[in-house]
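Report on the structure given below.
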Amino acid sequence: MSLVAFAAAVTSFAQVNEFTVKVNKTGAEIQPTMYGIFIEDINFAADGGLYAELVKNRSFEFPDNPLQGWSAGGKLEVLNDGPFDRNPHYVRLLYPGHPQKHTALQNDGFFGIGLKKGKQYRFSVWARTPEGGTGTLGIEFIDKASMEEVQASAYAQVTVDSKEWKKYEVVMTSGVTDPKATLRIFLEGHTTVDIEHVSLFPADTWKGHKNVLRKDLAQALHDLRPGHFRFPGGCIVEGTDLETRYNWKNSVGPVENRPLNENRWQHTFRHRYYPDYFQSYGLGFYEYFLLSEEIGAEPLPILSCGLACQFQNTDLSAHQPVSELDCYIQDALDLIEFANGATDTEWGCIRAEMGHPEPFKLKFIGIGNEQWGPEYPERLEPFVKAIRATYPDIRIIGSSGPYPEGEDFDYLWSEMKRLGVDLVDEHFYRPEAWFLSQGARYDTYDRKGPKVFAGEYACHGDGKKWNHFEASLLEAAFMTTLERNADIVHMATYAPLFAHVEGWQWRPDLIWFDNLRSVRSCSWHVQKLYSQYKGTNVLTLTDMDGNNVTGVEGQNGLFASSVYDAANDQVYVKVINVSDEAQPVRIHFDGLKKKETLKGVSTVSYHSDDLDADNTLDEPERIVPQTEALDFLGKVLDVTVPAKNFMIYILQK
Ligand code: AHR
């Protein structure tokens, strides 16, 4: 036998990794909330993304320049006594003074306007003829790259027939597929026309709700089967300053009158500066609650605790003084009323007027995002008291700061225990080594304190801070500790959720998109597999020495956990092999009666030969899980877990 053949033979007789799963003892219940999603308007996730509005600065309210995002020709004026008091600006279009000249406005949307050939788009505008008479607007979709004589791929007329402000609407069909179209509005004729809240949406939106969510992006959330939905951030909850924090009350009611807010991600990173990044609040709290309901997720709003982003404000005077927190606390109480209150309450009535008289059944609220230092607990405390006093059933989430260990983290955990919050939010954007070292993270956590909400995490590769398969594999490995410890880990969410390929500030992200397409990353598939095979109860899975399988030395790069699913009487075993070698694994199913066996149903395998690759907009299905039948009947399952692979074994009891 040659040396090479001998080495191969040795490898093929590699030591079997023996695991035992106790199938007769169903352990802790896995919360239905366990695997969720977290949205923040970063990377143009909301405006320019999930919120399907195609016009940027539709209300002419961008503060430095009311015409930012627009280009204008001919004769026009920007005025500020419009019909919506919180968005007062509008544009007056006037006859240019010569029959061969034009007055026109055009908008390039968010990195262009994405149009699909043959699809319908709903143009709407608030308008009036201030001097009376009938005015005409000519609306066009412009394909700038077109070599046709005529650039417009669609044209429609809007006749403005009143001196009073009215909403006009026309549905247009695009003649071309164009990811970077322009919307052009001509004044036709001599009559002056005022325009405000100029809007363009695809007619085909999520669940057919008029003018709300982009369908493919909402579908990608739905398909994750999320157990909870955390919104609206993240750092935007805090704001660069308190003035620009996310103010939920500004995000409800008619969209035309939701005031614009600066998006803090506009200027957080100078190397990724987007001076035109604002929040229209078109995707507001009502829409978030409704989407939560429609995707079957528990809504989980996070509100400001009165601290502006602490990374950006070291001076304590930037924050709301503890003695003046009342309006912030009232915001939290009013939010619970908005979500759950009867329709004859002030905020319950607003919810009903928006179309949802039934309560949203809010159960959770988070106060503060990534806060630290004594300034946080001293602000959180009065919130906890007020919420407990008025809404004792609402579960409160506190923060453990931006880092997953260290002095600040320990201090905040002890403070969260003192304050008696229900869950503590932990964040970890960490490199490979950290994820590999955390397979047992929650095994020894204090069982008596608050529960854990792993509210933001992602593997940020060392020198590879972008989406790639190996990062998702390490996330899968890490998630075994969430699953194994479901008695204390009640919620977990990857972050961030969305990124526009031309507008991102932060990566990796779960779902990428451009103006027409979207792609689910490898991390998305890992989240999906955990949520699909979530099960209902933890099963104990140990190695031969009775230890949890957490990737420690001697465990050959294996991480594993197991759950029972009462809904279909199945056992799921998840094994992640992060090593470079295939690993033989023998799984003993312990506790079955003498004649009882388990029957194989299927295996799911997730792997990429290229560890640095991910799915792309051009190749969205490049790396997807593979399912095969599992031919097995017995009490001991022998398998080989290929190198760098996430395997799930599904067995029927
Ligand atoms: O997810 C991106 C940012 O990361 C969040 O806004 C913040 O909470 C964290 O620092």
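The values are calculated or read from the model by the stated rules, or taken from the named source; none is laboratory data. These numbers come from a predicted model, not from an experiment. Counting neighbours? That spans all protein chains shown, and the Cβs are built from the backbone with ideal geometry, glycine included. Ligands, DNA and RNA are excluded from the accessible area calculation, which covers all protein heavy atoms including side chains. Shrake-Rupley method; radii C 1.70, N 1.55, O 1.52, S 1.80 Å.
Is there a residue in the range 35-52 that is among the β-branched types (Val, Ile, Thr), away from the ligand (no atom under 16 Å from the Cβ) and either under 16 Å from Ser280 (Cβ atoms) or in contact with a strand residue (DSSP E or B) (Cβ under 7 Å, 6 or more places away or on another chain) (or both)? No; the residues of the range 35-52 include none that is among the β-branched types (Val, Ile, Thr), away from the ligand (no atom under 16 Å from the Cβ) and either under 16 Å from Ser280 (Cβ atoms) or in contact with a strand residue (DSSP E or B) (Cβ under 7 Å, 6 or more places away or on another chain) (or both).
Only residues that are touching a strand residue (DSSP E or B) at 6+ places or on another chain (Cβ under 7 Å), in a loop (DSSP other than H, G, I, E, B) and farther than 22 Å from Asp565 by Cα: list them for the range 510-548, please. Those that are touching a strand residue (DSSP E or B) at 6+ places or on another chain (Cβ under 7 Å), in a loop (DSSP other than H, G, I, E, B) and farther than 22 Å from Asp565 by Cα: Leu510, Asp514, Asn515, Leu516, Ser521, Met544. Look at the range 315-339: where a residue is without any contact (Cβ under 8 Å) to a residue 12 or more places away in the chain and more than 24 Å from Met354 (Cα to Cα) and a partner is assigned to a helix (DSSP H, G or I) and open to solvent by less than 90 Å² (accessible area, probe 1.4 Å), sitting 6+ places away or on another chain with Cβ atoms under 9 Å, you get Asp326/Pro382. For the range 225-267, a tally of residues being in contact with a strand residue (DSSP E or B) (Cβ under 6 Å, 6 or more places away or on another chain), more than 16 Å from the ligand (Cβ to nearest atom) and among the hydrophobic types (A, V, I, L, M, F, W, C) returns 1. Residues that are closer than 15 Å to Ile37 by Cβ, hydrophobic (A, V, I, L, M, F, W, C) and not in a loop (DSSP other than H, G, I, E, B) within the range 291-327 comprise Leu291, Leu300, Ile302, listed in sequence order.
When the test is whether a residue is without any contact (Cβ under 8 Å) to a residue 24 or more places away in the chain and open to solvent by 30 Å² or more (accessible area, probe 1.4 Å), Glu148 passes it. Given the criteria within 14 Å of the ligand (Cβ to nearest atom) and farther than 19 Å from Asp331 by Cβ, does Ser414 qualify? Against the criterion (within 14 Å of the ligand (Cβ to nearest atom) and farther than 19 Å from Asp331 by Cβ), Ser414 does not qualify. Total residues in the range 424-456 satisfying the condition of being surrounded by 23 or more Cβ atoms within 10 Å (Cβ to Cβ), within 16 Å of the ligand (Cβ to nearest atom) and under 20 Å from Asn548 (Cβ atoms): the figure is 2.
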